[in-house]
Amino acid sequence: AGGVPVVEKGKLTTCTHLPYPPFQFEQGGKVVGFDVALVDLVAKDLEVEQKILDTPFENFKTGAFLNSGECDLAAAGMTITDERKKNVDFSVPYFDATQALLATRKSGITTLADVEAKGAKLGAQAGTTGESHAKSEGFDPVAFESSDAVLNGLRTGQVDAVVIDYPVVQGWLKDKDNADAFVLGQNIETGEQYGFSVKKGNDALRAAIDKAIRDAKADGTYDKLYRQWIGP
Ligand code: GLN
C-alpha cells in the first residue's frame, strides 16, 4: 500500500482479442472466461474494477496498447515467447498449452503425412504461436484474423487443416456443426505457457498479477476456476 498507484483512473483495463473461448468470450452481453476470472482476482486485490477492451491481436506482439496507456495489461491466452518479451513483460505462467492440428474428413486427410502429400491448404491465426509452428514445419499457412475465423475457414473448406491452440478447440469440437473436424495425430507438445503481459518496466502491476496467481494456486481458487472454465 502507498506509493505509486499500480493502475490509474480507478480501473484495471485489460486488452484482449475476442473471441478466445474458454479464456475470453462474450456470454449474455458480458466478456467472461478463465483469463477474465483470473484478472478479476488482480482487480479485487487492487480494489478496482476490470474493464475489457477488444484490440487487434498484433497489439500483443508490439505492446502498442500497453505503451500508449490504453490498457494496463493484456490477457489473451497469450503464450510467453522470447520474441514478445522484447516488447512486453510477462507475469508468471498461468496455463500450459499444446497445439493441435485439425483436419476435416471431407479433405481426405487422415494422417500427418497426408497434409504434405496431398498439398493440403493449412490455416492459422496471424501472429500466433500456431502460425509460427506451421512455418517452422515448412508450411506457408493461410492467415486468419481470429481463432473464430480460422475455425470457420476449416468448416467452410477454405482450408483443409489448421494449427491452433488445443484448449480453444476443445469445446468447438463438441459442437455437432463441427463433427467433420478432428484432431490429427497427437497434440503437438510445444511446451508453451500462457502469461499476462504489462508494459515493459511496470513491475508493480506485474508483481500484483504474480501475487494474485500464486495466491489463487495456493488457496484452491485457481483449481476451482480451472474446473469451471477449462474442465476437469
Ligand atoms: N497462444 C497463442 C499465441 O499466443 C494464441 C493466442 C490467441 O490466439 N489468443 O500466439
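Partner aspartates and glutamates whose Cα lies under 20 Å from the Cα of Lys200, excluding those fewer than 8 positions away in the same chain, are identified as Glu8, Glu58, Glu70, Asp72, Asp82, Glu83, Asp89, Asp210. Dividing the convex hull volume of the alpha-carbon atoms in the chain by its residue count gives 123 Å³ per residue.
Quote the charge dipole size of the stretch 97-191 about the Cα centre in Debye, to the nearest 20; the model charges only the Cβ of Lys and Arg (+1) and of Asp and Glu (-1). Present the calculation step by step, with values, prior to reporting the outcome.
Details: 8 positive and 13 negative charges, 57 e Å.
Taking the Cα centre of the stretch 97-191 as origin, the dipole is about 280 debye.
If R0 is taken as 22 Å, the Cβ-Cβ distance between Lys85 and Lys217 corresponds to a FRET efficiency of 0.45.
R0 = 25 Å: FRET efficiency of Lys174 with Thr111, Cβ-based, nearest 0.05? Numbers along the way, then the final one.
On the way: r = 24 Å, r/R0 = 0.94.
Efficiency at R0 = 25 Å is approximately 0.60.
Pick from Gly108, Gly28, Gly130: which is most flexible by mean-square fluctuation in a GNM of the chain where alpha carbon atoms under 10 Å apart are linked? Looking only at Gly108, Gly28, Gly130, the largest GNM fluctuation is found for Gly28. In this structure the amide hydrogen of Ile164, modeled in the peptide plane, comes within under 5 Å of the amide hydrogens of Ala100, Leu102, none closer than 5 places in sequence on its chain.
Which of the aspartates and glutamates could a cross-linker span from Lys121 if the Cα-Cα distance has to be under 19 Å and same-chain partners fewer than 8 positions apart are dropped? Excluding near neighbours in sequence, the set is Glu131, Glu137, Asp140, Glu145, Asp148, Asp160, Asp165, Asp180. Per-residue Cβ neighbour counts within 10 Å put Lys44, Lys106 in the sequence Lys106, Lys44, beginning with the fewest.
In loop segments of the stretch 129-232 as defined by DSSP, the trypsin sites (Lys or Arg not before Pro) with at most 15 further C-beta atoms inside 10 Å of their C-beta are Lys200.
Long hydrophobic helices in the chain: the complete DSSP H runs spanning 20 Å or more by Cα along their own axis with mean Kyte-Doolittle hydropathy of at least -1.0 are 203-219.
If you restrict to DSSP beta bridges whose two residues both lie in the stretch 97-191, what percentage is antiparallel, to the nearest 5? Among the beta bridges of the stretch 97-191, antiparallel pairing accounts for roughly 65 percent. Site-free segments of the chain were taken between GluC sites (Glu not before Pro) in DSSP loops having at most 14 other Cβ atoms within 10 Å, sites themselves excluded; the longest one is 146-232.
With contacts taken as Cα pairs under 8 Å at a separation of at least 6 residues, the stretch 97-191 carries a relative contact order of 47 percent.
Name the residues of the stretch 165-180 whose amide N is less than 19 Å from a point 7 angstrom out from the Cα of Ala149 along the C-beta direction? Of the residues in the stretch 165-180, 165, 168-169 have backbone N under 19 Å from the label point off Ala149. Per-residue Cβ neighbour counts within 10 Å put Tyr194, Tyr226 in the sequence Tyr226, Tyr194, beginning with the fewest. Taking the Cα centre of the chain as origin and assigning +1 to Lys and Arg Cβ atoms and -1 to Asp and Glu Cβ atoms, the resulting dipole is close to 140 debye.
For the chain, what does the relative contact order come out to in percent, with C-alpha contacts under 8 Å and a separation of six or more? Display every interim value, and only then the final one.
On the way: 418 pairs, mean separation 64.1, N = 232.
Answer for the chain is 28 percent.
Within the stretch 97-191, the percentage of alpha carbon pairs spaced more than 14 angstrom apart rounds to 59%. A helix-only calculation puts the chain at -9000 deg cm²/dmol for mean residue ellipticity at 222 nm, using -39500 (n - 2.57) for each DSSP H run of at least four residues, averaged over all residues. For Ile52, Ile209, Ile188, Ile80, the sequence from fewest to most other C-beta atoms within 10 Å is Ile188, Ile80, Ile52, Ile209.
Taking the DSSP beta bridges with both ends in the chain, the antiparallel portion is around 65 percent.
Straightening the chain between Lys135 and Lys51 buys 26.7 nm, computed as 0.36 nm per residue apart minus the Cα-Cα spacing.
When both the stretch 50-66 and the stretch 73-152 are represented by their alpha-carbon centers, they are found 19 Å apart.
Since every read-out is calculated from the coordinates, none of them should be taken as a lab result. Owing to the predicted nature of the structure, the values given are computational and were not obtained by experimental measurement. Methodologically, a virtual Cβ is constructed for each residue, glycine included, from the backbone with ideal geometry; neighbour enumeration extends over all protein chains shown.
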